[in-house]
Amino acid sequence: MPQPPTTLTDELGIALSNLADAAVAPFTPTLRLGVTGLSRSGKTIFITALIHNLTTGGRLPGFSAMTEGRFIGARLVEHPDQGVPRFAYEQHLKALTGKPATWPESTRKISQIRLQLKFQSQRWTRGWQGPTVLNLDIVDYPGEWLLDLPLLSLNYGEWSAAALQRARNGHEAERFLNDISAVDPLGEADEPTAERLAQAFTAYLRAAREDGALSTLPPGRFLMPGDLEGSPALTFAPLPPPAGAARSASLHAMMERRYEAYKALVVRPFFRDHFARLDRQIVLVDTLRALNAGPAAVADLETALTDILACFRQGDNNVLTRLVARRIDRILFAATKADHIHSSSHDRLEALMNRLVAQAGTRAKFAGAMTKSVALAAIRATRESVVADGGDKHEVIVGTPQAGEVLDGVTYDGMTEVALFPGDLPADPDKLLSEPVALNFLRFQPPGRLEKNAGGNVVLPHIRFDRALEFLIGDWLR
């Protein structure tokens, strides 16, 4: 999948945006971190944990600037871009630390927030000047929008062929395919038909995501329409190729126009105004959900991650190139919810993630970007224990399943703590792409009892969150 094409106007807009960023704070460098992930991967939780840990001095033994005593502190400051919603950090933290604690609402639109970090540099060229300040801009956006970027390289016929083939290979598209077969692409276009097909297509996409755990389901705004709900730019569907030339008044021509409008009004502005201005990127992946759904979902996830990596503007950055054409020079792929399995399987979860991004990761390295995979939990919801069963001992995780979760015929009430043996991941990640694996995964409530540090701030337990921060921003704090 080629990188999304840009026009000269796009490139000029990107360069002007980068220069405007530099002009706002000419003596304070700015690092733009993109945070994305497919549905329910934990984007909101990751950003909330990042801000809270840096502003309150969290327990981050793998974050070198903090363990070496060079990290002075962080504070939230006003973001210079007034046209993008602010990430609702305070509301999300309140949900996580409330009584009872609840998980915050998931990402539905783009948002951003700025942290100002102060640290003592190790470099002699900076150290004599006193503390160094860095602006960390965190950009949060749904991963479903990221999957739209390859559409910029596809015309309507190419996208339709791929979308229809994917629908025929699944089990959720019967109604949609029946509706498509009942219309004549060369027939007269009318709004009720377009709306009916778009609704059937959206219902299929939603079912494929919820029931089949599939990831490669563009257009992303069909699942998260926001302010565009009901607009013509979101009222189209794939059609088979027509038997002859399509008149401008035909249904096929209408769908093609709306597909192109979707790219022009939705996809291209997102790429130009936000995505192409990132320096670092973390992609959060709910790998366990795909494992639960079976090998087809895991293979689909591999395709999605490969397409995602192909869209990134990868390569080395320096002070001059960042002024006009930013490149993403570090990409972290994080298998989230590592607290849902025992630590004995964490290395296998990381091995699976490495396997899923192997092909695309090789291309990224060739372009000059660093990639890394990690199994993490930005906020740990379980703890580990050992349960004796006769003469056998089983390594289990202990936590409180969310209300409505079901396992072995038991429906949980959201208040009962359980010990669960989730199963072991196989040592060979290739098996997960070809063979189903018996695993028991439940969604857990946030940790109910949180410690406080010396400053009176709650401590958010985590798994390898400090390592993720070190990879993403640690080199900028040296």
Against the conditions (1) out of contact with any Lys or Arg (no Cβ under 9 Å at 6 or more places or on another chain); (2) closer than 30 Å to residue 182 by Cβ; (3) in a helix (DSSP H, G or I), where does residue 233 fall short? Just the number, please. (1)
Give me the helices (runs of 4 or more DSSP H) completely within the stretch 65-169, filtered to those with at least 1 residues that are of a type in the set (Val, Ile, Thr) and in contact with a Pro (Cβ under 9 Å, 6 or more places away or on another chain), ordered by residue number. 89-97
Inter-residue pairs, beta-carbon under 9 Å, first closer than 14 Å to residue 424 by Cα and assigned by TED's automatic domain parsing to the domain that holds residue 424 and in the stretch 348-364, second of a type in the set (Asp, Glu) and surrounded by 21 or more Cβ atoms within 10 Å (Cβ to Cβ), 6+ apart: none
Check residue 449 against each of (1) surrounded by 14 or more Cβ atoms within 10 Å (Cβ to Cβ); (2) closer than 19 Å to residue 100 by Cα; (3) not polar (S, T, N, Q) and name the one condition it does not meet. (1)
For the stretch 382-397, check the following and say yes or no: at least one residue is part of a strand (DSSP E or B) and surrounded by 21 or more Cβ atoms within 10 Å (Cβ to Cβ). yes
Here is a list of conditions, (1) at pLDDT 95 or above; (2) under 30 Å from residue 123 (Cα atoms), and residue 89 meets all of them except one; can you say which number that is? (2)
Applying the selection to the stretch 38-64, what residues are under 17 Å from the mean Cα position of the chain (by Cα) and surrounded by fewer than 21 Cβ atoms within 10 Å (Cβ to Cβ)? 39, 40
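Name the one entry in 458, 398 that is without any contact (Cβ under 8 Å) to a residue 24 or more places away in the chain and either touching a strand residue (DSSP E or B) at 6+ places or on another chain (Cβ under 6 Å) or of a type in the set (Lys, Arg) (or both). Step through it out loud before you land on a result.
Working: 458 fails: without any contact (Cβ under 8 Å) to a residue 24 or more places away in the chain.
Only one candidate passes the filter, namely 398.
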Limited to the stretch 343-352, what total is found for residues that are surrounded by fewer than 22 Cβ atoms within 10 Å (Cβ to Cβ) and either of a type outside the set (Ser, Thr, Tyr) or farther than 22 Å from residue 466 by Cα (or both)? 4
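Of 123, 166, which residue is modelled with pLDDT under 85 and over 20 Å from the mean Cα position of the chain (by Cα)? Working first, answer last.
Working: 166 fails: modelled with pLDDT under 85.
The match here is 123.
The values are calculated or read from the model by the stated rules, or taken from the named source; none is laboratory data. Predicted, not measured: the structure shown is a model, and the values here were computed from it. Neighbour counts run over all protein chains shown; Cβ positions are idealised from the backbone, glycine included.
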